[in-house]
Amino acid sequence: MWRAAFLSLLLATPAARADTAYVLNSGEASISVVDTATFAETRRIPLLREAHHIVVSPDGRNLVLGDSAANELIFLDPESGEIRRRERISNPYHLEYSPDGRFLVVASLRRDQIDIYEAGTLTLLQRFRQRDKPSHVAFSPDSKWAYVTLQGTGQVAAVDMANGTTAWVTPVGPEPAGIIWHRGKLLIGLMGRPDFVTLDPETRDVRTVFQVGRGAHTAYPAPDGRTLYATSRVDSRIAEVDADTFEVRRIFDIPGGPDCIAFDPEGRLYATLRWTGRLLILDPRSNEQAQIRVGRSPHGVFLVPQRPGVGADYAFAAPGAISGSRPMIQPITGGGAVARALPEAAPVEARLGEASIRVNAGTPGHLSTRPTLR
């Protein structure tokens, strides 16, 4: 009854019609396509092995996802969900474009490497060997720095994008996972503790700022720019957090292991539930929620508003774009087709060092096939 009541509420809201959620089912190599008006899975797109994370390309015209175990980068049409092309990429677990659109940085969790690609051509510019599980990537708004959590060593690595070197590596706490840029600092979830911590990239000072529960994972800025939503995969919670003070306003107990979150323009949350194979929709204004079954171990999720003048680049236009894994100094205006000019790509003049090696694009490597759930 609660599900029917919530669906009635959604259907009664004209602005809630015609959006599409893409859900990556890492446990069964597929993408669930969900119509948010009817809250029904309309189709399932097969993949090869194990997809985890999904982002929008710098021009807003493609959704880009990594099938990490298949060593593939897949480009989807945001409107139709059709696969436009596939590219060979070494173990793309977590991926993010730089805010200026020049680079794509990939964290290869199984192969213990961080790769920098030229975004337009996917030319591999630099590879950094890192100890034990590079996990998530975040950028500084000026695109000068990429920050990567090292889940196995409890550290964060800072990559200087101007010269292609690892500038520093610093400890932050056990099993760091999600990382975002927020108000001049880095906000990191520690899966080995209930804590979210901030890391000052200038002083490298680390401070615990709030707790959400065991298995603290990732924080996501809401479209209004005033709220963060943070997930706990073990205690199975979503925390609503004040973006300025880090005060935890509310805790939503959500059985199923909430992981990644996407938002629609009205601020509703779409969260993957890893352990129960479902997608949650939560309206924080009314506290109403509903769930739909998708595939096994759903991980990444991306919401594409299907409305006049608004498209996949809504992610760039939202006020929350000034905070996140790909923050922009100034979000673009409106939605739909991206009109901003991207700077001309330039090669990285990388210096070789102990933490990095230069390789050619498409270099093969050993692929571990042991089952994991991350």
SASA check, residue 35, accessible area w/ 1.4 Å probe, all protein chains in place, rounded to nearest 10 Å², comes out at 50 Å²
The rounded separation in angstrom of the Cα centers of segment 145-182 and segment 69-110 is 20 Å
Once residue 163 and residue 122 are pulled to full extension, the length gained, defined as 0.36 nm per residue separation minus their Cα-Cα distance, is 12.9 nm
When every protein chain stays in place and a 1.4 Å probe is rolled, 82, 28 sorted by accessible area with the largest first are 82, 28
In terms of the alpha carbon gyration tensor, root eigenvalues a ≥ b ≥ c, rounded if a/c is under 1.5 and otherwise prolate when a/b exceeds b/c or oblate, segment 196-332 is oblate
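The values are calculated or read from the model by the stated rules, or taken from the named source; none is laboratory data. Just so it is clear, the structure is predicted and the values come from calculations on it, not from any experiment. These area figures cover heavy atoms from the full protein model, side chains too; ligands, DNA and RNA do not enter into them. Shrake-Rupley method; radii C 1.70, N 1.55, O 1.52, S 1.80 Å.
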